[in-house]
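The values are calculated or read from the model by the stated rules, or taken from the named source; none is laboratory data. This one's a predicted model, so the numbers in the text were calculated from it and none came from an experiment. Neighbour counts run over all protein chains shown; Cβ positions are idealised from the backbone, glycine included. Ligands, DNA and RNA are excluded from the accessible area calculation, which covers all protein heavy atoms including side chains. Shrake-Rupley method; radii C 1.70, N 1.55, O 1.52, S 1.80 Å.
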Amino acid sequence: MSVINLEFHQTPGIASAMAKALLLRRKGFKAEVGMPEINASWFGAQADQGALKDYCETLDIEFGTTLPVLYPHVMAGGMHMHMLTHKVFPIGLLGAVHLKNTITQHKAIAIGQKMDIYAQMGGFRLTAKGVEFDFTTQVKIADEVVWEELSIYFMAGRFGGKENPSTETSFELASLDSMSDIASWSVPKNRGKKYASISGDYNPIHTSKYLAKLFGFKRDIAHGFGILAQAVNQSELANKTQISAGKCQVDVIFKGPLYLENDASLKQAADSETGTQSQRFDLFSGSNPKPSICASIKAA
């Protein structure tokens, strides 16, 4: 299969990608074939300050002089959509689950800074329940990598992993046995539509309670990266740190949904010390005793 190179010189539009996500039939993943080679590049990318202000206001994040640590992922979202909905990609986007991310910020990015963003489809791993597949994103300024991430998605199904699982596994986070509450907030009814207008992610599970039910959810759910951004911010406020303002790493595992019109509660290890440069926290949805998000942020 030939290499697919997608190139953008302005914010990638997502209307055509969403149409392909809904309408194009997929061949289905086959382990013997693997994943196609799809690359995407956006040259001269620059954060839209209006969208950035909406992002910060929506998520209760202070608007400063540098991009919030997770915002480059939002900027790259259109590129990711075009990659994941390309006609040669074998898996339907609506059947895939965003599972994990590792984000490394080498240098905070000034608002207004022009940058080049590159994304590349990566490898895959067979598990007993399905297949995990990767893609990477890099942000460069003057050929220097200032921000990068590994995104891991999961597709349930029988692909041979039960009989012959991959020897390589993706990262895990240590469980929190004893926890204390550090923050809580309400997720409003309009959060799905509001965050979709900012990020371009109009997946119906976030914007319609009725369509979300068709995919097995009780109702519409919050975008994971939006809730994660709030959790990182609230963790830093509670611990009186500003880890995300410099060199840092954010690791996250998305465990389950956080429903709209529900309360989010943030917990961390009971013996955590204020001011430390490493924070491990879990986020819970309403009265569910199981975490929806497990994450950590640490100085790099």
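Observations on the model:
- Distance from the stretch 144-188 to the stretch 258-287 (C-alpha centre basis), Å: 16
- Summarising the label geometry, the points placed 7 Å from Cα in the beta-carbon direction at N288 and K189 lie 2.1 nm from one another.
- Here the accessible area is traced with a 1.4 Å probe on the protein chains. For the chain, carbon and sulfur cover 50 percent of it.
- FRET efficiency, D143 to S2 (Cβ-Cβ, R0 22 Å, nearest 0.05): 0.25
- Our summary gives the chain a relative contact order of 17 percent, counting only alpha carbon pairs under 8 angstrom and 6 or more residues apart.
- Among the GluC sites (Glu not before Pro) in the stretch 196-281, those placed in a DSSP loop whose Cβ has at most 12 other Cβ atoms within 10 Å are E273.
- Per residue solvent-accessible surface (Å²) - the stretch 145-300, probe of 1.4 Å: 50
- Local charge for Y118 was computed over the other residues whose Cβ lies under 12 Å away, with Lys and Arg +1 and Asp and Glu -1, and equals -4.
- Mean separation of Cα contacts under 8 Å, 6 or more apart, over the residue count of the stretch 153-300: relative contact order %: 26
- Gaussian network model of the chain, springs between alpha carbon atoms under 10 Å - residue of A269, A183, A142 with greatest fluctuation: A142
- Between E32 and N164, the contour length at 0.36 nm per residue exceeds the Cα-Cα span by 46.3 nm.
- With all protein chains modelled, accessible area of K53 [1.4 Å, Å²]: 110
- Here is the list for the stretch 74-161: trypsin sites (Lys or Arg not before Pro) lying in DSSP coil, each with at most 15 other C-beta atoms within 10 angstrom of its C-beta, are K87, K107, K114, K129, R158.
- Cleavage-rule hits (GluC sites (Glu not before Pro)) in the stretch 32-63: DSSP loop, at most 15 neighbouring Cβ within 10 angstrom: E32, E37, E62
- In this rough spin-label picture, where each label sits 7 Å from Cα along the Cβ direction, the S180-Q277 distance is 2.3 nm.
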